[in-house]
Amino acid sequence: MNKILVVDDEKLIADGLRAMLAEAFAGTAEVGCCYSAKDAVEILTGAPADVLLTDINMPNWSGLELHEEVSRFSPETRVIYLTGYSDFEYARKALDQHAFAYVLKGEGDESVVRTVSRALAAEDRSGNAPAQAPAAPESDAEASLPEWVQDLHGFIRSRLAEDLSLNVLAEHCHFHPVYLSRTYREVTGKTLSDFISSARLRKARELLQESRMNIREIAKCTGFASDNYFCRWFRKQTGESPQEFRKTEL
């Protein structure tokens, strides 16, 4: 059975979260709680949890410090930060420490349950399925980026024909959309829209050069519902139409 540990220095909140999660995951997970990071370390040292749901701003040890300590002896534990602070610096540090997710308390119980459920599902997949190698970076510059950015780039490239909205990308990364957008820009110097556009342009050029697909099919494969819009977009990006590009490359 899966194990979940809730940590919050406010007893009322910790007890409430424990009761709520125990009901939500009845029969599939044991849910415990404690009221300080040091108590959490003692508990986890003896019985590691699959998911650690912790407040960030606590006295003595913060949730960030708790995560750092737990990762030393239980790196497989998935850490979810739960906080009332919509502070970008906290979000950046959460990503730096490879937190599974960052949830604002104001988002409600449903958001907490959904995030914990994803963390448990990820734990089950990693424990029961063969490990998959991450997509190889496409350049030396990309290889120097954090692993989560490389993973996100691979996710985008493999789904260029699908919905790549910020909410979809944030769900893939298990992070709040606003913080994902800001952190990505801070780390890469570009926006997510910039990367998606460049990936679609690269794919479009590749298909125009190497396939016999017609323009409508290529537009669909690169995420455009209208071939007319695709043609206007392609000309804006390259200075020539898809048909002109194809002729010059033949």
- prompt: Of the residues in region 1-49, how many are in a helix (DSSP H, G or I), within 25 Å of the chain's Cα centre (by Cα) and not hydrophobic (A, V, I, L, M, F, W, C)?
  reply: 1
Unique residue being more than 17 Å from Val116 (Cβ to Cβ), crowded, with 19+ Cβ neighbours inside 10 Å and modelled with pLDDT of 90 or more when the list is Ala37, Ala49: Ala37
query: Asn2 fails exactly one of the following numbered conditions: (1) touching a residue at least 60 places away in the same chain (Cβ under 8 Å); (2) buried (at least 18 other Cβ atoms within 10 Å of the Cβ). What is the number of that condition?
result: (2)
Index of the failed condition, Glu65 passing every other in (1) at pLDDT 95 or above; (2) in a helix (DSSP H, G or I): (1)
message: I need the full set of residues from region 209-250 which are free of Cβ contacts under 8 Å to residues at least 24 places away in the same chain and hydroxyl-bearing (Ser, Thr, Tyr), in order please.
response: Ser211, Ser226, Tyr229, Ser241, Thr248
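Does region 232-250 hold any residues that are hydrophobic (A, V, I, L, M, F, W, C), under 22 Å from Phe195 (Cβ atoms) and surrounded by fewer than 17 Cβ atoms within 10 Å (Cβ to Cβ), and which are they? Give the derivation first.
Going residue by residue through region 232-250, those that are hydrophobic (A, V, I, L, M, F, W, C) are 233-234, 245, 250.
Applying the additional criterion that residues be under 22 Å from Phe195 (Cβ atoms) yields 233-234, 245.
Residues satisfying the conditions do not exist here.
The values are calculated or read from the model by the stated rules, or taken from the named source; none is laboratory data. Since this is a predicted model, take the numbers as computed values, not measurements. Don't worry about glycine lacking a Cβ; one is built from the backbone with ideal geometry, like all the others, and counts go over all protein chains shown.
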